[in-house]
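Have a look at the structure below before the remarks.
The values are calculated or read from the model by the stated rules, or taken from the named source; none is laboratory data. All values reported here derive from a predicted model rather than from experimental measurement. Cβ atoms come from the backbone with ideal geometry, glycine included; neighbour counts cover every protein chain shown.
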Protein chains: 2
Amino acid sequence: MSQIKKVVIIGGGFGGVAAAKQLSDLPNVKVVLLDKRNHHLFQPLLYQVATAALSPSDIAYPLRSIFSKSSNIRVVMGNVCDIDRSAKEVILEDGGKFSYDYLIVAVGARHSYFGHPEWEEHAFGLKTLNDALRIREKILLSFEKAERAETPEEIAKYLTFVVVGGGPTGVEMAGAIAEITKKTMVEDFRKINPKVAKIILIDSGSRLLSQYPEVLSEHARRDLHQMGVRVTCGKTVTDIQADRIYFGDEMIMTANIVWAAGNEAAPLMTKLGVELTRSKQIKVRPDFSIPDDDHVFCIGDCVSLMDANGKTVPGIAPAAAQAGRYVAKLILKRLHGQPKSGERPFKYMDKGSMATIGRASAIAVIGPLKLTGLLAWLAWSLIHVWFLIDFRSRVAVMFSWMWSFFTHHRAARLIIYVRKRTANK
Amino acid sequence: MSQIKKVVIIGGGFGGVAAAKQLSDLPNVKVVLLDKRNHHLFQPLLYQVATAALSPSDIAYPLRSIFSKSSNIRVVMGNVCDIDRSAKEVILEDGGKFSYDYLIVAVGARHSYFGHPEWEEHAFGLKTLNDALRIREKILLSFEKAERAETPEEIAKYLTFVVVGGGPTGVEMAGAIAEITKKTMVEDFRKINPKVAKIILIDSGSRLLSQYPEVLSEHARRDLHQMGVRVTCGKTVTDIQADRIYFGDEMIMTANIVWAAGNEAAPLMTKLGVELTRSKQIKVRPDFSIPDDDHVFCIGDCVSLMDANGKTVPGIAPAAAQAGRYVAKLILKRLHGQPKSGERPFKYMDKGSMATIGRASAIAVIGPLKLTGLLAWLAWSLIHVWFLIDFRSRVAVMFSWMWSFFTHHRAARLIIYVRKRTANK
């Protein structure tokens, strides 16, 4: 390998960053890392920004800073609008073009509204910092509006919070909203009593956290129930409007709906000219390459893969990072002329998974271990702080958590954008 | 005083919060504190949010939390649109009305564009968290655009930063932008060299920081010069467009203009039916009451007053807080039936003033003392951290500062709202 080879990575999430790190400081490889945002986001803690416990800068880090010492990696902020596989080129919205020898697509997923895109306006999803700030503002404004409301019906509407989707994000959001209403806000209002707030978690399946063992689902349900959350399984949402939600045979008046249900791959996947699954993912080959192209790999939330163990690779951060490292190493081997026959297919190494429910309460599966309660929560806290990308965030987040733990306060209770949004209407 | 009396305070800045604190926990006084935002803002550090050193939650605190233990104080988030002095009522945009026995107006100031409101679109001011985030995003995006630009002219346009106004805010902004370009960003780009950025500070007066002794102005000019800032005094801005600014006999192409020049009182002052000065302030009587009404007081940035020492009360945070306490005590005395003849007029107690220029560089006047350099900077840091409103912010800010001091990094380098703004266009 004497000639310089170009690797383009689209997406600065866990998959893209892991791949780029693996390729950093290599003499004959030039990497372009493209992202429409300027930061890597620690998505597992995004719900804490949405519920005012952490600030955006606690869980986001400039991509440029991550790679400032890697001179062979160029970070470009831009929106990819097309991929030309015959010309081996990635095309940006602003007209910029980047040619590649190898392409890694790691663009992630976004929420799907099951064929009802019009629901999004009233039921925000939670994928970006902007999403999280919108939800934070909506929740905080609802308390303000309830305090100024004239009728009991209006107050009830503002103090009813509905979370759709009983996966980890839904469970974490419902638990955090319960803490806000029952603890954080209690002394701050004069007319309303935030404790009377209703929190409802809806899932269409038979139980919460369906990827986890049943005993942990039950534990989460019980903990949420104790925190005042009503958990409703087996009911499907049929309609969402500005002030109400219909599910099963019920209708509930609410100004606050959070959408944590279905996922689908980012729209860019349609540009690869490959068949997509129902959730817009690509079924990649065992080495993450797309069906008819050895130079294009897709990793992370936007693909579907059964690994060498015969298990579906889950759409979570550690799996994306492992895939990124795997693909980067594979590309290096091929650049060095190693035969494909010697390659091993990807095997996902399951180090465990966990979800938090509230203060001192979580569930975790680590190998054969099933943890609940305080112990699971401590494990969850340590692991999440540890994987935050830099030392500064680790300390800042630990401090924020300790502060909240002992005081029940939340530092980021700010409504910042109210006037601007009104002006734009 | 047996009957319950109502005090309405408009504005949760330094003046309004100080007045409300003075009136808290009193049996026969009910206070309504009105603000269009939900937080008190530590404005002296706002420029640090605009330059990505601090997060919004480091310098803002929910008004409700400040008064959560004061049961006689009700915080209301709402936009006051009118004041009916004959009915003794304050009227909100949403139709809400609050009647008062005494009214304290502490609505602050905003930027004035010297009769050119059209300049605002291209030259953001710095008064709110929203302003600060807009400036932060514009500065960070300019580096990204420069990295993607094709021509040297375009790169120069994005890497030229112009600050209009040589008061403390302008000096602090220019110094902080210089640090970003010369230190923070240096290793992060591949095509451009952020060090070549031009920073220009324009003031129409004969020197920077005109309220300070001349020797300190000169010191600030020299420090800024050493940091690479071009300081231009005695030149007036004549036009601002999207990509250029005209001042004196010069025209400079730039995509980044920050407005830190003239101030005028908030628009609500026109609703009091009292004559206003050229900068829309009210000339209050020595007890801060408005000329023909003993029940309405105006304090802070929105008024003009010569105090009992014959000195103009400055428009800074400590003066507003002193005025708030003074007026609150005065109202209490009157409620207790003490004769007006026994009242003392307001005297501003000058505890010193200071402005920071950059890392380890500031100027300060404390009584007869004039400080510069590291000593002034340490004094500035300690005092500003001390006056941050709660313990949590104090620790968080100190930590952020120590981190930046040693690493030159800035934690809050986030461009969050890009997509939304584009979508709204």
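Observations, loosely collected:
- Within region B:226-238, tally of residues that are in contact (Cβ under 8 Å) with a residue 12 or more places away in the chain and on the phi < 0 side of the Ramachandran plot: 9
- Put simply, of A:K157, A:K183 the only residue that is modelled with pLDDT under 95 and at negative phi is A:K183.
- Total residues in region A:61-91, condition assigned to a helix (DSSP H, G or I) and either facing another protein chain (nearest Cβ under 7 Å) or in contact with a Gly (Cβ under 6 Å, 6 or more places away or on another chain) (or both): 3
- Filtered residues of region B:23-44 (kept if touching a residue at least 40 places away in the same chain (Cβ under 8 Å), assigned to a loop (DSSP other than H, G, I, E, B) and either within 11 Å of another protein chain (Cβ to nearest Cβ) or not hydrophobic (A, V, I, L, M, F, W, C) (or both)): B:S24, B:D25, B:P27, B:N28, B:K36, B:R37
- In region B:289-303, the residues that are assigned by TED's automatic domain parsing to the domain that holds B:V17 form Cβ pairs under 7 Å with partners that are acidic (D, E), at six or more places apart or across chains, as follows: B:H295/B:D101.
- Candidate set from region A:1-22 (those that are at pLDDT 95 or above and in a loop (DSSP other than H, G, I, E, B)); member that is nearest to A:K69 (Cα to Cα): A:G12
- One residue alone among B:V80, B:V31, B:V49 is surrounded by 24 or more Cβ atoms within 10 Å (Cβ to Cβ) and modelled with pLDDT of 95 or more, and that residue is B:V31.
- Residue count for region B:174-195, restricted to those that are within 21 Å of B:L133 (Cβ to Cβ) and either in a loop (DSSP other than H, G, I, E, B) or basic (K, R) (or both): 2.
- Annotation: B:L140 fulfils all but one of (1) buried (at least 21 other Cβ atoms within 10 Å of the Cβ); (2) of a type outside the set (D, E, K, R); (3) more than 14 Å from every other protein chain (Cβ to nearest Cβ); the unmet one is (3).
Residue by residue, here is whether (1) out of contact with any Asp or Glu (no Cβ under 8 Å at 6 or more places or on another chain); (2) aliphatic (A, V, I, L, M); (3) under 26 Å from A:M354 (Cα atoms) holds:
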position	(1), (2), (3)
A:D223	yes, no, yes
A:G228	yes, no, yes
A:D239	yes, no, no
A:G262	yes, no, yes
A:K283	no, no, no
A:C298	yes, no, yes
A:A320	no, yes, yes
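- Tally of residues being surrounded by fewer than 21 Cβ atoms within 10 Å (Cβ to Cβ), under 25 Å from the mean Cα position of the chain (by Cα) and in a strand (DSSP E or B) across region A:92-108: 1
- Residue in region A:45-60 that is more than 11 Å from chain B (Cβ to nearest Cβ), within 19 Å of A:C302 (Cβ to Cβ) and either touching a residue at least 12 places away in the same chain (Cβ under 8 Å) or of a type outside the set (S, T, Y) (or both) present: yes
- Unique match (being assigned by TED's automatic domain parsing to the domain that holds A:D293 and of a type in the set (D, E)) among A:D101, A:D131, A:D58: A:D101
- Checking each residue in region A:32-81 for being under 25 Å from A:L414 (Cβ atoms) and of a type in the set (S, T, Y) picks out A:Y47, A:T51, A:S55, A:S57, A:Y61, A:S65.
- Region B:212-305 holds strands (runs of 3 or more DSSP E) entirely within its bounds, and those carrying 2 or more residues that are of a type outside the set (A, V, I, L, M, F, W, C) map to B:229-233, B:237-241, B:244-247, B:263-265, B:293-298.
- From the list A:V171, A:V163, the one residue that fits, being touching a Leu at 6+ places or on another chain (Cβ under 8 Å), in a helix (DSSP H, G or I) and crowded, with 24+ Cβ neighbours inside 10 Å, is A:V171.
- Matching residues, region B:163-183, being among the hydroxyl-bearing types (S, T, Y) and out of contact with any helix residue (DSSP H, G or I) (no Cβ under 8 Å at 6 or more places or on another chain): none
- Any hit, region B:233-241, residues being in the same structural domain as B:E147 (by TED's automatic domain parsing) and surrounded by 22 or more Cβ atoms within 10 Å (Cβ to Cβ): yes
- Residue match in region A:179-187 (condition: more than 14 Å from chain B (Cβ to nearest Cβ), under 18 Å from the mean Cα position of the chain (by Cα) and in contact (Cβ under 8 Å) with a residue 60 or more places away in the chain): no
For (1) on the phi < 0 side of the Ramachandran plot; (2) surrounded by fewer than 17 Cβ atoms within 10 Å (Cβ to Cβ); (3) among the hydrophobic types (A, V, I, L, M, F, W, C), each residue gets a yes or a no:
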site: B:A265; (1), (2), (3): yes, no, yes
site: B:G273; (1), (2), (3): no, yes, no
site: B:T277; (1), (2), (3): yes, yes, no
site: B:K283; (1), (2), (3): yes, yes, no
site: B:P286; (1), (2), (3): yes, yes, no
site: B:D301; (1), (2), (3): yes, no, no
site: B:S304; (1), (2), (3): yes, no, no
site: B:A308; (1), (2), (3): yes, yes, yes
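- Complete set of residues in region A:188-222 that are surrounded by fewer than 21 Cβ atoms within 10 Å (Cβ to Cβ) and in contact (Cβ under 8 Å) with a residue 60 or more places away in the chain: A:Q211, A:P213, A:V215
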